1. So for segment C:173-193 (the condition being under 17 Å from residue C:256 (Cα atoms) and within 22 Å of the chain's Cα centre (by Cα)), does at least one residue qualify?
2. Applying the selection to segment A:141-174, what residues are of a type in the set (Ser, Thr, Tyr) and closer than 18 Å to residue A:123 by Cβ?
3. So is residue B:9 facing chain D (nearest Cβ under 7 Å) and without any contact (Cβ under 8 Å) to a residue 40 or more places away in the chain or not?
4. Taking segment A:1-58 as the search range and keeping residues that are of a type outside the set (Ser, Thr, Tyr) and outside any helix (DSSP H, G or I), which one is nearest to residue A:73 (Cα to Cα)?
5. If I filter segment A:59-74 down to residues being assigned to a helix (DSSP H, G or I) and either in contact with an Asp or Glu (Cβ under 8 Å, 6 or more places away or on another chain) or among the charged types (D, E, K, R) (or both), which single residue comes out as nearest to the other protein chains (Cβ to nearest Cβ)?
6. Just give me the residues in segment D:79-93 being more than 8 Å from every other protein chain (Cβ to nearest Cβ) and either modelled with pLDDT of 80 or more or part of a helix (DSSP H, G or I) (or both), in sequence order.
7. With respect to residue A:238, determine if the residue is of a type in the set (Gly, Ala, Ser), in contact with a helix residue (DSSP H, G or I) (Cβ under 8 Å, 6 or more places away or on another chain), crowded, with 23+ Cβ neighbours inside 10 Å and touching a residue at least 12 places away in the same chain (Cβ under 8 Å).
8. Condition first: in contact with a Leu (Cβ under 9 Å, 6 or more places away or on another chain) and either aromatic (Phe, Trp, Tyr) or more than 20 Å from residue C:151 (Cα to Cα) (or both). Now tell me which residues in segment C:1-43 satisfy that.
Amino acid sequence: MNEILLIAAIWLPFLGFLANGLLSLKKEPASQKLVSIFGVGSVLISFLIFIFLTFAENTAIVSQSGFSAMFFTWINVGTLSADFAYKLDGLSVFMAWIVTGIGMLIHIYSTGYMEEEKPHFARFFAYLNLFIFAMLHLVLGDSLPLLFLGWEGVGLCSYLLIGFDYDKDFAAVAGKKAFITNRIGDAGFIIGMFLLFQLTGSLKYDEIYGFFGANSVDASTLNIIALCLFVGAMGKSAQIPLYVWLPDAMAGPTPVSALIHAATMVTAGVFMIARLAPVFLGAPEASTVIAFVGGFTALLSALIALTQTDIKKVLAYSTVSQLGYMFMAMGVGAYGAGMFHLMTHAFFKALLFLGSGAVILALHHEQDMRRMGGLYKHVKLLAILFWVAAVAISGIPGLSGFFSKDMILEMAYTFANGGKILFLLGFMTAILTSFYIFRLIFLTFHTSGDAVKKMEEGGSHGHGHDEHGHHSHHSGLVPLGWNIMGPLVVLGVLSVFGGYVGLPHIITHKTPGIVGYFDQVLSVAPSKAAESWHQHIEGSTAWLLMLASIGVAFLGLFTAWFFYQKQNKVPAEDSVKRSFFVHLSFNKFFVDEIYEKILLNPLKKIADLSYKIIDVKIIDASIDYLGKITLLIGSYMRRLQTGVTPNYALYIVSGTVVIAFIVFGGLN
Amino acid sequence: MNGAEIPVSYVIVLTLLLFSIGMLGVLTRKNIIVIFMSVEIMLNSVNLLFVAFSRFWNDLSGEMAVFFVMAIAAAEAAIGLALVISLHRKFHTVDITEIKELKN
Amino acid sequence: MLTLSILAPIVAVIIIGLLPASKSEKPSKTMMYISMAASLISMAASFIAASGFSSVNPDFQLTEVWFTSVENGINWSFALDGLSLGLYILTAVLFPIGIYYSYVSFETQSAQGEAIRRQKLFYSSLLILETSVLGVFAAQNLIVFYVFWELMLVPMVLLIGIWGGKNKKYATIKFFLYTFGGSVFLIFGIIAILYYQTQSKLSFDLTDNLVMSLSQFPHAVKVYLFWAFIISFLIKIPVFPVHTWLPHAHTEAPTVGSVILAGVLLKMGTYGVVRFSLPFFPLVSQEYADLFMVIGVIGIIYGAWLAWAQTDIKKLVAYSSVSHMGYIVLGMFSGNIIGLTGAYMQMINHGISTGLLFLLVGIIYDRTHTREIDDYGGLAKLSPLYAIIFMIATLSSVGLPGTNGFVGEFLILLGTFLANKTAAVLAVSGVIFGAVYMLHLYKQVFFGEPSEKLLKIKEKISLNMTFKEVLLTVPFIVMIFWLGVKPGLLLDTTDASLKKILNTTVQAELAEKNLLKSVKAANIKTEIKKTEEGL
Amino acid sequence: MENIREILFFLFAFVMMGASFGVILHKNPVKSALFLVVFFVSLASLYGVLGAEFLAVLQVLVYVGAIMVLFLFVIMLIAVRDENFENIGANKGKTMVVFLLVLAFTMQFAALASVLSSDDKINTKTEYSKTIDSAQNLTIEGNAEVLSFHLFEKYILPFELISIVLLIGVIGAVVIAKKNRRRLE
């Protein structure tokens, strides 16, 4: 019975997708109420089922093998078998809660946000439901192929949703970029999967875990496997060097950015590492690489976020940066801390994105922070929620972000292989994080300028991003309904209290709750195994580290206040010349341009040339030459055809003589 | 008393010579009618061979073949000469080198 | 039932031939009905036949004998095994779609005031093509196989040469010469078998007997024969560097020609490899497996790159075929059940996804009369349903999990990986390039603002798909997802037969080892003798 | 008297050779035709010498009586004499090539003749015989008689077919030689 419920929970969003997909095919826009019921309802029921299952199958879930349900056979060839079978264990139930929970909130939010997009309303919800469906496969599948199905499925939804406004060229390009970048990662992931299959002879988690439980494997083998898998994670979770798609992905509607590109899909890489903990734990060198990639990603994207002016771009780079933190945690073996940060990040980043969506919606699709300011007066609740999220992300004590981030920094510090450097990277990122997020807050909600006034002026000058004809007469802010503010409030509450599941060791003198939980559920108790990687840490050092990170959080807040509130600075317009470093940061260190110059353009050129030269000029031409030679011979042979009959008779006789010679020649 | 005995090889050589002469005529002459005559020579030389071997093996099949060849030759001559007339009517010549319908 | 399905189209050809000649330049309903009836009967018969298929039995089943000839070893009998069943059904399904599409396409063209000419020949060609392809897949005898293999050329050449595009003559000649050149090698190989065989009466029936007698050939002969067979198949597949006929043929062929060409004709090559090259010359094919892996990998990457460089939609899809065929070659020579199954799966997949792509390109081409990618843009806005179906085909083509393409690609790559890591790693990059060119195409054609050209056309004729056209794509879509989530439907039927083929390799290896052993033993014996004599 | 047949054989052989050279070498087709008559008659005689009397008669009847008349008619009809053909030797190079070629041909096949030794001889005196009724011991002899039995027993079908061929030949000749009125109009 519960098995059927689990399957139903996973496939319900798919039914929602089908229903909404069919509705979207209708000529006239479908009833929004109906679409919302299908869209939100399916995810809501699915969420409720997960809550129910969590309590009903409590013991099974926390056990090693978890609670599993078999749906039907998928691939079964030779020794390879992969089924549509699901595994609800401690790790996946955690993810399922986040996916369906936050997913449901964002669905509700979307009913308000997308209200104006009448012709595309059903299509939007169809995609969102499909996303939830794919994401649930990613986290709940009991084998790597099924994870990969979800992995690529969410990639597809991401592609479709980024390019949701497909008539806009930049959205279409961004979607394509996201898909292809992800594919590069996927290629690595596939190879990792194959290596794992070759090693363990199976792609089912249970069998993989069993293999690692029974055998000890050479670290060098596991290093390669872990690195290959990590390439996949790089793509999906936007790490250096494959992070470039995520900022562009902001071309999609804001709820999408919140759901896919902040809370759930991009954390798939982190989840995958936790899922395959035995592999990564046996691969210390690869883990170090992961930690450093995470650290550098965090720093680099935080640097870029400093100067961005598009509110969503700031948040996008912030997401990349926070993902960097998570990978840092996974790399140093602090799986509990990484998953913890994954959760808190999901809360506050979803809040930030949805909040920014609300701002954008209120300002008639204005995304440029230079044209905002002083919104506090108009939307107090929203501003407060934004402050909550900002405080959470910046690491000011008491809110969720503080606990998770601090735990990561502490674990990084104690990491044996270059832990100090990692800590430094994370520490610098923390300063920058605090600065850019408060910069965002001040620019948007405070400063002396008035967004409403700016908007009205801008509107009369034909300024701004607004391309929707029905907004042509700007009259104040668009009111925000309950279905927009409701989810924000819930997320605000979560952002505040979400961190208390992991109170630090130095306060409680116990293993933090969530870490203990993950120690228990990850079948091989990774934190314990990874302990050898860590040095012992004194209580006083821990306090020092914590105080330092609290200090930098306030430092960032103060600096942002100083520049943007006190001095009332507004970031320069695009055309203004900037100082060198600001120029670098504003232009994202020219990474996109470099990729285009050294990778994309040469490849395209090689493709063009190999078509024009190898295919047309060499292969095809040489075949044509064969034909031409035949024709040439023919043009000489043609002269034999004189049309004079005796000549033909002559040929006949000659032929007879030759044949006779061959046949009778021996007789002479 | 059993009559003369003529070696088969003599007949073969004779046939061969006649055939070659006919062939020479076909290849060198330009008048269609003469070519036709040369063909008749070739045809008849082969008939001779049939008869010779028929006698040699004492088997009448060879002579039967000659009988049929003659019948066919009669028909062939009729058709062939009709063609010559028709050709002459069309091209106003019986010079074979003038008629180049096989080309183009 | 097999007989019925093979002969029904021929009967229809005779009936169409007897129809009074009409001067009408309108699409002929009668001919369509007759052809449809024949191909549907053929399809139904093949389904009925398939229902009696036992997937446990690796050998030929459902045998139907026309007439046998013991003297020359050519038995005209037809049968299916796990290897041919899927392809046979695919063929039987694809033809009714192709025929009906042609009629719909004629209607569209007629509505635009174009004259439809020589329909009798057109439908006849299609039907003869159907018979020949079905014959190829059901042939149980090497010679019969060859006869149908060659028969296929005639209608295909007519289809491209008469109803083709601007450059049709060039494309036709190229197609004909390439494939015919390949066939020369094949017939050479067949004759050579006859020459070298030692049995008093060799039957060309594809039984173990033939395999046995082949295994006794000297090794050098086997190598020559192997190449004679494989060259012919490789040209048909086609692989790099003998692929250049394909883009021309695909581009110039009428839509139905492209669909059939991609759908089943290319499969004849790969089918030939699995049916003949692998079991006939197991050790030789293993010997050269690395070479073919290289060819396959080059095909994958090169095809994908070239597809990216194309400006013509049909050419792009054609080069994507080259890339996909590279995967199949890779899988076939991986030498393990996973790779081989993947290759087989991919044969069917490619027929479905690329067939659908060509069909879709044809549907829009009927209206726009241009294949240049640059002429398109923003089509998603003008024809949303078309965009969705095209997206499904695209996803299947790039191998997204959940579609059929993934299962095949995944199995092939995994199988290859187990056999040859380097090849697999290189081939995986094809996964990336596949996405690059397909999404490039999709973006250019469907996204952005509608192009002026399309808007102009829209004033004349609706760009939306008609109900009939949507109906035509439904079987493809169903198959894409069905095989995507339940590939067992297909894989279960092939498993036994594929395992048998792999088994021949194992047995041949064993035999070879024993031979070596006996040779060694003999050597030792003579040595002993020598030493004894010396003493 | 025994050798008379051999002598006759050589005599007619040389006459035939001469006549055939006459046919191919003479400028005037009418004279060529007359040489051909000589050729046919001597061939008929040779048949006689070899003991095929029936064929000898037939040869004279068919060739000399029918075919040659036809030839002469045609020659007269289309008035060939007006045209002046170059004879052999006009194009020396080509003639040489042809001559050598024919020589080569002759040589090749002459080799065949050497397979048979000169002991393989045709006995011209032997008569054909055929047992018609073994019970009554009834046999017939003689060339024409036995031939007729062959013709109407074993070869009856070809015989009938040949009559059709001849009929078609007659009709065909008429159709082909007839003036094409339509084209003239």
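1. Looking through segment C:173-193, at least one residue is under 17 Å from residue C:256 (Cα atoms) and within 22 Å of the chain's Cα centre (by Cα).
2. A:158, A:159, A:166
3. Details: facing chain D (nearest Cβ under 7 Å): yes; without any contact (Cβ under 8 Å) to a residue 40 or more places away in the chain: yes.
Against the criterion (facing chain D (nearest Cβ under 7 Å) and without any contact (Cβ under 8 Å) to a residue 40 or more places away in the chain), residue B:9 qualifies.
4. First, pick out the residues of segment A:1-58 that are of a type outside the set (Ser, Thr, Tyr): A:1-23, A:25-30, A:32-35, A:37-41, A:43-45, A:47-53, A:55-58.
Cutting the leftovers down to outside any helix (DSSP H, G or I) gives us A:1, A:25-30, A:57.
Details: A:1: 19, A:25: 31, A:26: 34, A:27: 38, A:28: 40, A:29: 38, A:30: 36, A:57: 24 Å.
Going through the qualifying residues, I end up with A:1.
5. A:61
6. Answer for segment D:79-93, where residues must be more than 8 Å from every other protein chain (Cβ to nearest Cβ) and either modelled with pLDDT of 80 or more or part of a helix (DSSP H, G or I) (or both): D:81, D:82, D:92, D:93.
7. Judged against the criteria, residue A:238 is a match.
8. C:1, C:28, C:30, C:31, C:34, C:41
The values are calculated or read from the model by the stated rules, or taken from the named source; none is laboratory data. All values reported here derive from a predicted model rather than from experimental measurement. Neighbour counts run over all protein chains shown; Cβ positions are idealised from the backbone, glycine included.
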